[in-house]
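As structure tokens, the structure follows; a few thoughts come after it.
The values are calculated or read from the model by the stated rules, or taken from the named source; none is laboratory data. It should be emphasised that the depicted structure is a prediction, and the values quoted were computed from it without experimental measurement. Here the Cβ positions follow ideal geometry from the backbone for every residue, glycine too, while neighbour counts run over all protein chains shown. Only protein heavy atoms, including side chains, enter the accessible area calculation; ligands, DNA and RNA are left aside. Shrake-Rupley method; radii C 1.70, N 1.55, O 1.52, S 1.80 Å.
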Amino acid sequence: MSNSYSAGFRMKLKLFCEGIFQKHLCEVRSGGPHIMKPKGLLSADGSKRSMVHSEEWEKPVEREGRLTTVLVLATLISAFGSSFQYGYNVAVVNSPSPYMQQFYNSTYAERYGTPMDEGLLTLLWSLSVSMYPLGGFFGSLMVAPLANKLGRKGTLLFNNIFSIVPAVMMGVSEIAKSYEIIIVARFLVGICAGLSSNVVPMYLGELAPKNLRGALGIVPQLFITIGILSAQVLGIRNILGTSTGWTLMLGLTGVPAVMELLLLPFFPESPRYMLIQRGDERTAKTALQRLRGWDDVDSELTEMRLEDQSEKAEGRLTVLSLLGQPSLRWQLISIIVMNMGQQLSGVNAIYYYADSIYGTAGVKQEDIQYVTVGTGAVNVIMTMAAVYIVEAAGRRLLLLCGFGICCGACVLLTVALTLQESVTWLPYVSVGCVMTYVIGHAIGPSPIPYVVTTEMFRQSARPAAFMVAGSVHWLSNFTVGLVFPFLERGLGPYSFIIFSGICLATLIYIWLVVPETKNKTFLEICQMFAERNKVEIKLGDGNLPLNESKESLKDVVKVTVF
């Protein structure tokens, strides 16, 4: 009896010690406690359990991401250094345009002894404005090769060349007595905007944990609106919107670029880029640990390896092969529709029409600039609100609400503009419609397409996808700027009915096709589209579908990585 009891006690002690040893070993391997632990070594009553149960392990626990100092600073520096410039250069030529055109005319007269023809002046000014979106289009074409070759952070640092050089050119244009310098500089700074508008959301989307990806993905759009507002404020005639201050105002675009060039090198490159595209797991792990603020980043690394395995099964995508890839067909169509809807919905036309609407509503000519600044402030506030609500409300809901509000505002604006001469209070309704439209666009159509473009594509396809999305964005922008003056001349206020139709068509497409992507990994989003694309995403040698391979890959990682 005593021998039996002694043998039972020794067995329990052995099992207990083995459990402690295994738990300690798992903690050492994983870099932190409670990631993997043995289950069921002893029952509640102390009875012996089968040794098979001692080999059962819990899955790696994935922590919820948080805003660390490194993540916040990397976001703010990249957004201010790049996205801010995009917005600033959108609005920087609006207020000083009379003084700039006067400079064009006086320079021409000094050269040739005769005033510039009005048609030539209009052509040169149109070039000065339209070179910016044209440069943006060419900048978008550079996204894929540069982002793949230099990385996300490396591309942003390289991109500062296209900001600092044109800033100096525009700043000295009056001294050099050359309006050609301004036109060339606007093209170069457009390239900067085309690159930054695509690479910054990509960079931040890859730095952010999945529960913060939407909020951080909107930050670039927030800084775009802050850039627009800053240009509007500086353009007030009592500040830099004067005959002597306009060159300084144009040259200030280089200041954020210099700050980014000095500060961004101290922050990490995208961990996903380093692991999946460069194969440098050590650097990727170090970057993740800095960004997350803890040492245990195994769960995210596992997900990245899983994505890498999935991409190896399909092969790396080139820019051209993206267009014919069956597994990405609906993602590609979706980002094209959303970016076209974003620009062709009339947002630039609303801003173009705003001054005349305010004037008709009784705002004094000298006060219109302040009302315009107020509109810019509303844009900033609502974009800031989108940063806070995107993770709770989701991307899809904000897109649907935003395009719905814009559609209704355009219809109501058409009615108000048509009848405002016969009804005294309708001009104020027109002003309200402009503000409502700005609010609707700021919460959805403006920021969300960048976020969704990041989320819909996996690592190797993402730069090519942003190139396509950016090209559509800038071509649509250029088209609206080119066509709207003729549209407005021919249709007047009824031109906004066309914009309302585009908003409605985009809304219907999003309702029918675009899924909710919040709090999903890139692979989970890819799986959601796989059903619509009628393909099966596979891993490794392609023998197992993704949902069956995921657990097996985790098991392999547990054994071989550490």
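Consider region 402-443. How many of its residues are open to solvent by 40 Å² or more (accessible area, probe 1.4 Å), in contact with a Leu (Cβ under 9 Å, 6 or more places away or on another chain) and over 18 Å from Gly492 (Cα atoms)?
Adding up the residues that qualify gives 1.
Take the conditions open to solvent by 10 Å² or more (accessible area, probe 1.4 Å), within 16 Å of the chain's Cα centre (by Cα) and of a type in the set (D, E, K, R) and apply them to Arg396. Does it pass? It would help to see each step written out before you state the result.
Values: open to solvent by 10 Å² or more (accessible area, probe 1.4 Å): yes; within 16 Å of the chain's Cα centre (by Cα): yes; of a type in the set (D, E, K, R): yes.
Spelling it out, Arg396 is indeed open to solvent by 10 Å² or more (accessible area, probe 1.4 Å), within 16 Å of the chain's Cα centre (by Cα) and of a type in the set (D, E, K, R).
Looking only at region 455-503, which residues are closer than 30 Å to Lys518 by Cβ, among the polar types (S, T, N, Q) and in a helix (DSSP H, G or I)?
Matches in region 455-503: Ser471, Ser476, Asn477, Ser500.
Looking at Gly154, Gly113, which is the one that is out of contact with any strand residue (DSSP E or B) (no Cβ under 7 Å at 6 or more places or on another chain), on the phi > 0 side of the Ramachandran plot and open to solvent by 10 Å² or more (accessible area, probe 1.4 Å)? First the steps, then the outcome.
On the way: Gly154 fails: on the phi > 0 side of the Ramachandran plot.
When all the criteria are applied, what remains is Gly113.
I need a count of the residues in region 182-212 that are open to solvent by less than 10 Å² (accessible area, probe 1.4 Å) and assigned to a helix (DSSP H, G or I).
Residues in region 182-212 being open to solvent by less than 10 Å² (accessible area, probe 1.4 Å) and assigned to a helix (DSSP H, G or I): 21 in total.
For region 359-388, what are the residues that are of a type in the set (Gly, Ala, Ser) and open to solvent by less than 20 Å² (accessible area, probe 1.4 Å)? Write out each step before concluding.
First pass over region 359-388, keeping only residues of a type in the set (Gly, Ala, Ser): 359, 361-362, 374, 376-377, 385-386.
Residues satisfying the conditions are Ala361, Gly376, Ala386.
Would you be able to tell me the number of residues in region 353-372 that are farther than 14 Å from Ser430 by Cβ and of a type in the set (Phe, Trp, Tyr)? Steps first, answer last, please.
Keep residues of region 353-372 that are farther than 14 Å from Ser430 by Cβ, which gives 364-367, 369-370, 372.
From what is left, the residues that are of a type in the set (Phe, Trp, Tyr) are 370.
Looking only at that region, the number is 1.
Test Ser163 against the stated conditions and say whether it is crowded, with 20+ Cβ neighbours inside 10 Å, closer than 24 Å to Met259 by Cβ, under 16 Å from the mean Cα position of the chain (by Cα) and touching a residue at least 40 places away in the same chain (Cβ under 8 Å).
Details: crowded, with 20+ Cβ neighbours inside 10 Å: yes; closer than 24 Å to Met259 by Cβ: yes; under 16 Å from the mean Cα position of the chain (by Cα): no; touching a residue at least 40 places away in the same chain (Cβ under 8 Å): yes.
Considered against the rule, which asks whether it is crowded, with 20+ Cβ neighbours inside 10 Å, closer than 24 Å to Met259 by Cβ, under 16 Å from the mean Cα position of the chain (by Cα) and touching a residue at least 40 places away in the same chain (Cβ under 8 Å), Ser163 comes out as no.
Read through the list (1) closer than 18 Å to Gly151 by Cβ; (2) in contact (Cβ under 8 Å) with a residue 40 or more places away in the chain; (3) buried (at least 21 other Cβ atoms within 10 Å of the Cβ), then give the number of the only condition that Gly217 fails.
(1)
Looking at region 505-525 only, could you name the residues that are among the hydrophobic types (A, V, I, L, M, F, W, C) and buried (at least 18 other Cβ atoms within 10 Å of the Cβ)? Give the derivation first.
Applying the first criterion (among the hydrophobic types (A, V, I, L, M, F, W, C)) to region 505-525 yields 505, 507-508, 510-514, 522-523, 525.
Leu507, Ile510, Val514, Phe522, Leu523, Ile525, listed by residue number.
Since Glu421 meets every condition but one in (1) closer than 25 Å to Val390 by Cα; (2) in a loop (DSSP other than H, G, I, E, B); (3) charged (D, E, K, R), which condition does it not meet?
Result: Glu421 passes all but (1).
Applying the selection to region 218-259, what residues are touching a Phe, Trp or Tyr at 6+ places or on another chain (Cβ under 6 Å) and farther than 13 Å from Val92 by Cα?
Within region 218-259, Phe223, Ser243, Pro256 qualify.
Would you mention how many residues in region 277-328 are among the β-branched types (Val, Ile, Thr), modelled with pLDDT of 85 or more and under 23 Å from the mean Cα position of the chain (by Cα)?
Total satisfying the criteria: 0.
Within the bounds of region 279-302, is there any residue that is in contact with a strand residue (DSSP E or B) (Cβ under 7 Å, 6 or more places away or on another chain), at negative phi and in contact (Cβ under 8 Å) with a residue 60 or more places away in the chain? It would help to see each step written out before you state the result.
Here is the first cut: in region 279-302, the ones in contact with a strand residue (DSSP E or B) (Cβ under 7 Å, 6 or more places away or on another chain) are none.
Within region 279-302 (the criterion being in contact with a strand residue (DSSP E or B) (Cβ under 7 Å, 6 or more places away or on another chain), at negative phi and in contact (Cβ under 8 Å) with a residue 60 or more places away in the chain), the answer is no, since none of the residues qualifies.
Taking the condition charged (D, E, K, R), open to solvent by 30 Å² or more (accessible area, probe 1.4 Å), in a helix (DSSP H, G or I) and at pLDDT below 90, does Glu391 pass? Before you say what the answer is, go through the steps one by one.
On the way: charged (D, E, K, R): yes; open to solvent by 30 Å² or more (accessible area, probe 1.4 Å): yes; in a helix (DSSP H, G or I): yes; at pLDDT below 90: yes.
Spelling it out, Glu391 is indeed charged (D, E, K, R), open to solvent by 30 Å² or more (accessible area, probe 1.4 Å), in a helix (DSSP H, G or I) and at pLDDT below 90.
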